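The values are calculated or read from the model by the stated rules, or taken from the named source; none is laboratory data. Nothing here was measured: the structure is a model prediction, and the numbers come from that model. Cβ sites come from the backbone with ideal geometry, for glycine too, and all protein chains shown count toward neighbours.
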Amino acid sequence: MVSQAAPFTLSPAPVPDSSSRVPLSLANVQYETKGPIAYVTVNRPKVLNALNTPTWTDLKAAFEQAKADASVRGVILTGAGDKAFIAGADISELARVDAYGAEESSRFGQKVLDHIENLGKPVIAAVNGFALGGGCETAMACTMRIAAEHARFGQPEVKLGLLPGGGGTQRLPRLVGKGRALQLILTGETISAQEAYRIGLVNEVVPAANLIERAETILNQIAANAPIAVKFSLEAANRGLDSSQSEGLVMEASYFGICAATEDKREGTSAFLEKRAPQFRGR
């Protein structure tokens, strides 16, 4: 049994020098970093940040940059403007695609979202408006979802003669249960942020003015913890959902052993016993 923790305040792990960070210039996505947080903003406000092939490509590049940058400990994903997170696919592009192109487009979007989900660093979707279709699917690929009070969620693809193609039929049932997921998918209805919170689709609902600040607070709390432990916690939870519980427990024990061999584990336990804040270094 572990005794009750001594009362001390955690301080964030030291942030490596970011002066060597490579600037990233993209046409449809803004990418910037502040301290340990990367900010990825879909920047097509005139079309409510709709997703087309170049935007998917830019999202892939932004998250590859975030993964490669050791200074980045977490990512906030949001949309430009105050109307939409991502309102869905770009219908003008979708209307021209044939069966082969649609399947290829679906697979590419799925690949990008799998990369976000398995980044090894927490990603918070700061949902600042409409999150419909591919936008809802993008939010679901993130580690957590924080919604502004006016945000709206839905998978309306059936209204276009389609079904969700970016993981919606798979992630939504895992988040809210099969019955609720199928009700949303089959009716194509749009729900409020409050209803999304009630069914477990979003973690929190906050005033729009506090949205980014709340996401930053959560990521800074996570950044105070051991990076390797955070990475393997994410991996254990993600991979465990695709395995049986017994297989997941074996994997969990393996990761527990790996973490126990790190310098961060020695620092964390020593700091606890010495009643001081730990200084994790990701080793």
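For the range 55-112, which residues satisfy the criterion of being aromatic (Phe, Trp, Tyr) and surrounded by fewer than 19 Cβ atoms within 10 Å (Cβ to Cβ)? Quick ask: steps written out before the conclusion?
Our first condition is that a residue be aromatic (Phe, Trp, Tyr); within the range 55-112, this holds for 56, 63, 85, 100, 108.
Once the filter is applied, which keeps residues that are aromatic (Phe, Trp, Tyr) and surrounded by fewer than 19 Cβ atoms within 10 Å (Cβ to Cβ), the range 55-112 yields Tyr100, Phe108.
Would you check if Asn238 is modelled with pLDDT of 95 or more and surrounded by fewer than 17 Cβ atoms within 10 Å (Cβ to Cβ)? Please lay out each step first, then the result.
On the way: modelled with pLDDT of 95 or more: no; surrounded by fewer than 17 Cβ atoms within 10 Å (Cβ to Cβ): yes.
So Asn238 fails the test.
What's the total number of residues in the range 178-212 that are surrounded by fewer than 18 Cβ atoms within 10 Å (Cβ to Cβ), small (Gly, Ala, Ser) and more than 30 Å from Val72 (Cβ to Cβ)?
3
As an exercise: evaluate Ala229 against (1) assigned to a helix (DSSP H, G or I); (2) out of contact with any strand residue (DSSP E or B) (no Cβ under 9 Å at 6 or more places or on another chain); (3) without any contact (Cβ under 8 Å) to a residue 24 or more places away in the chain; (4) not acidic (Asp, Glu) and give the number of the one condition it does not meet.
(3) is the only condition that Ala229 fails.
For Gly133, are the conditions met, namely being in contact (Cβ under 8 Å) with a residue 24 or more places away in the chain, surrounded by fewer than 21 Cβ atoms within 10 Å (Cβ to Cβ) and assigned by TED's automatic domain parsing to the domain that holds Ala181?
On the way: in contact (Cβ under 8 Å) with a residue 24 or more places away in the chain: yes; surrounded by fewer than 21 Cβ atoms within 10 Å (Cβ to Cβ): no; assigned by TED's automatic domain parsing to the domain that holds Ala181: yes.
No: the conditions fail for Gly133.
When Leu249 is evaluated against the numbered criteria (1) touching a Gly at 6+ places or on another chain (Cβ under 9 Å); (2) part of a helix (DSSP H, G or I); (3) surrounded by 15 or more Cβ atoms within 10 Å (Cβ to Cβ), which criterion, by number, is the only one it fails?
Among (1) touching a Gly at 6+ places or on another chain (Cβ under 9 Å); (2) part of a helix (DSSP H, G or I); (3) surrounded by 15 or more Cβ atoms within 10 Å (Cβ to Cβ), Leu249 violates only (3).
List every residue pair whose Cβ atoms sit under 6 Å apart, with the two residues 6 or more apart in sequence or on different chains, where the first one lies in the range 47-67 and is within 22 Å of Gln155 (Cβ to Cβ) and the second, anywhere, is of a type in the set (Asp, Glu).
Ala50/Asp90; Asn52/Asp90; Asn52/Glu93
Going by the conditions given, is Ala141 of a type in the set (A, V, I, L, M, F, W, C), assigned by TED's automatic domain parsing to the domain that holds Asp69 and touching a residue at least 40 places away in the same chain (Cβ under 8 Å)? Steps first, please.
Numbers: of a type in the set (A, V, I, L, M, F, W, C): yes; assigned by TED's automatic domain parsing to the domain that holds Asp69: yes; touching a residue at least 40 places away in the same chain (Cβ under 8 Å): no.
No.
Could you list all residues from the range 71-118 that are within 30 Å of Pro227 (Cα to Cα), part of a loop (DSSP other than H, G, I, E, B) and without any contact (Cβ under 8 Å) to a residue 60 or more places away in the chain?
Within the range 71-118, the subset within 30 Å of Pro227 (Cα to Cα) is 71-80, 85-86, 108-118.
Within this subset, residues satisfying the condition of being part of a loop (DSSP other than H, G, I, E, B) are 71-73, 80, 118.
Residues satisfying the conditions are Ser71, Val72, Ala80.
Looking at the range 265-273, is at least one residue touching a helix residue (DSSP H, G or I) at 6+ places or on another chain (Cβ under 6 Å), touching a residue at least 12 places away in the same chain (Cβ under 8 Å) and assigned to a helix (DSSP H, G or I)? Explain how you work it out, then say what you get.
Of the range 265-273, the ones touching a helix residue (DSSP H, G or I) at 6+ places or on another chain (Cβ under 6 Å) are 265.
Adding the requirement that they be touching a residue at least 12 places away in the same chain (Cβ under 8 Å) leaves 265.
Subsequent filtering for residues that are assigned to a helix (DSSP H, G or I) retains 265.
Looking through the range 265-273, at least one residue is touching a helix residue (DSSP H, G or I) at 6+ places or on another chain (Cβ under 6 Å), touching a residue at least 12 places away in the same chain (Cβ under 8 Å) and assigned to a helix (DSSP H, G or I).
Output the number of the condition that Glu157 fails; it satisfies all remaining conditions of (1) without any contact (Cβ under 8 Å) to a residue 12 or more places away in the chain; (2) assigned to a helix (DSSP H, G or I).
Tallying (1) without any contact (Cβ under 8 Å) to a residue 12 or more places away in the chain; (2) assigned to a helix (DSSP H, G or I), Glu157 fails exactly one: (1).
Which condition from (1) in contact with a helix residue (DSSP H, G or I) (Cβ under 9 Å, 6 or more places away or on another chain); (2) assigned to a helix (DSSP H, G or I); (3) surrounded by 17 or more Cβ atoms within 10 Å (Cβ to Cβ) is the one that Ala215 breaks?
If we test Ala215 against (1) in contact with a helix residue (DSSP H, G or I) (Cβ under 9 Å, 6 or more places away or on another chain); (2) assigned to a helix (DSSP H, G or I); (3) surrounded by 17 or more Cβ atoms within 10 Å (Cβ to Cβ), just (1) comes out false.
Does any residue in the range 171-199 that is on the phi > 0 side of the Ramachandran plot come within less than 7 Å, Cβ to Cβ, of a residue that is small (Gly, Ala, Ser) six or more places away or on a different chain, and which pairs are these?
Gly188/Gly154
Name every residue in the range 150-190 that is touching a Pro at 6+ places or on another chain (Cβ under 6 Å) and more than 20 Å from Glu103 (Cβ to Cβ), in order of residue number. Walk me through it before giving the result.
So in the range 150-190, the residues touching a Pro at 6+ places or on another chain (Cβ under 6 Å) come out as 155, 157, 181, 188.
Selection gives Ala181, Gly188.
Which residues, taken from the range 161-195, are part of a helix (DSSP H, G or I), farther than 22 Å from Asp242 by Cβ and either among the polar types (S, T, N, Q) or modelled with pLDDT under 95 (or both)?
Residues satisfying the conditions are Gln183, Thr187, Gln194.
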